[in-house]
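The values are calculated or read from the model by the stated rules, or taken from the named source; none is laboratory data. Just so it is clear, the structure is predicted and the values come from calculations on it, not from any experiment. Here the Cβ positions follow ideal geometry from the backbone for every residue, glycine too, while neighbour counts run over all protein chains shown. The area values use the complete protein model at the heavy-atom level, side chains included, leaving out ligands, DNA and RNA. Shrake-Rupley method; radii C 1.70, N 1.55, O 1.52, S 1.80 Å.
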Amino acid sequence: MQGNEGGEGPSGGGGGAGRAKGKATAEEFGGSKKKAGIFLRELRLMMYGFGDDPEPLPESVELVEEIAIEYITDMVHRAQEVAARRGRLTTEDVLFLIRKDPRKFARAKELLAMNVELKEARKAFQEEQ
């Protein structure tokens, strides 16, 4: 898992397993590692889907999870900074942050549109019953 597409990431680019100076861990934020392990099953399947072994090393899956959680946490904190002017965090704040990465932006828009379609389908299904 070397490199980092788009130059963005939890450690500000450069890839690898190290953390950039100034980045805090969950413990340093006063939290705990309670959230560790919540994506292991999904990440194991995704890693296999992208060409890894059917049963990747647990250490590899845990590292990918740590990187993903760090990236998500960083994005949410940055989105909160953007939203601070309005006082409310919205999906548009996250879209604003990824607007310069066409692949991420297109995928996020696609997932948001799919979410709307699913909500409408559920609503229509519940009205029929």
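Please indicate, with yes or no, whether at least one residue in the stretch 47-57 is in contact with a Pro (Cβ under 7 Å, 6 or more places away or on another chain) and either at pLDDT 95 or above or at positive phi (or both).
Within the stretch 47-57, the first condition is being in contact with a Pro (Cβ under 7 Å, 6 or more places away or on another chain), and the residues that meet it are 47-48.
Within this subset, residues satisfying the condition of being either at pLDDT 95 or above or at positive phi (or both) are 47-48.
Within the stretch 47-57, one or more residues are in contact with a Pro (Cβ under 7 Å, 6 or more places away or on another chain) and either at pLDDT 95 or above or at positive phi (or both).
Cβ separations smaller than 6 Å between residues 6+ apart or across chains give the following pairs from the stretch 97-122 residues that are part of a helix (DSSP H, G or I) to residues that are open to solvent by 100 Å² or more (accessible area, probe 1.4 Å): 105/99.
Could you please find all residues in the stretch 49-88 being open to solvent by less than 80 Å² (accessible area, probe 1.4 Å) and aliphatic (A, V, I, L, M)? The answer is 61, 63, 64, 67, 68, 69, 75, 76, 79, 82, 83, 84. Just wondering, is there one or more residues in the stretch 53-61 that are part of a helix (DSSP H, G or I), under 18 Å from the mean Cα position of the chain (by Cα) and of a type outside the set (S, T, N, Q)? Yes; the residues of the stretch 53-61 include at least one that is part of a helix (DSSP H, G or I), under 18 Å from the mean Cα position of the chain (by Cα) and of a type outside the set (S, T, N, Q).
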